[in-house]
Amino acid sequence: MVQIYQSFLRSLHGPIILWLLSLSPRHGYGIMQEIKRLTGRGAGSNTIYPYLHRLEKEGFIVGEWVEMRGRRVKRYSLTKRGEALLVRIRELFGRQIRELITYLLHEGC
């Protein structure tokens, strides 16, 4: 049961990362903090950075090295291609998954 729950949360990391980057550019650690705040579960660097690297390699996000508090960090932003992917994900969640999410949120009420 725990593995299913963890697998479900991991499957949401990609859409969450894209959504967060649509709000503002962020560095990897900031993304990890937001995922923890949103899901209540930490997402380690061994989980988040492979997503970021894959999204960057496929052109959905772009990383830029910036100086922050005296050290260099890579800040990621959403590209036009990433925006288009996020729109497709929103459509999927809006049409096909909305009923399931509504059920899950209201179960037992």
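The values are calculated or read from the model by the stated rules, or taken from the named source; none is laboratory data. Being a predicted model, the structure only gives us computed values, none of them experimental. With ideal geometry, Cβ positions are generated from the backbone for all residues, glycine too; neighbour counts draw on all protein chains shown.
List of remarks:
- Scanning the stretch 21-42 for residues that are of a type outside the set (Gly, Ala, Ser) and within 15 Å of VAL62 (Cα to Cα) gives LEU21, LEU23, PRO25, ARG26, HIS27, ILE31.
- Taking each residue of the stretch 10-21 that is more than 10 Å from TYR51 (Cβ to Cβ) and looking for partners that are basic (Lys, Arg) and not in a helix (DSSP H, G or I) with beta-carbon atoms closer than 8 Å, six or more apart or interchain, yields LEU20/ARG26.
- Selection from the stretch 58-97 of residues that are more than 15 Å from the chain's Cα centre (by Cα) and among the polar types (S, T, N, Q): GLN96
- Inclusion of ARG26 among residues that are of a type in the set (Lys, Arg) and surrounded by 15 or more Cβ atoms within 10 Å (Cβ to Cβ) is warranted.
- Taken together, the residues in the stretch 33-65 that are of a type in the set (A, V, I, L, M) and at pLDDT below 95 amount to 4.
- So ARG10, is it among the charged types (D, E, K, R) and modelled with pLDDT of 80 or more: no
- Any hit, the stretch 88-107, residues being over 19 Å from SER11 (Cα atoms), out of contact with any Cys (no Cβ under 9 Å at 6 or more places or on another chain) and basic (Lys, Arg): no
- Any hit, the stretch 29-45, residues being under 17 Å from GLU64 (Cβ atoms), surrounded by 14 or more Cβ atoms within 10 Å (Cβ to Cβ) and in contact (Cβ under 8 Å) with a residue 24 or more places away in the chain: yes
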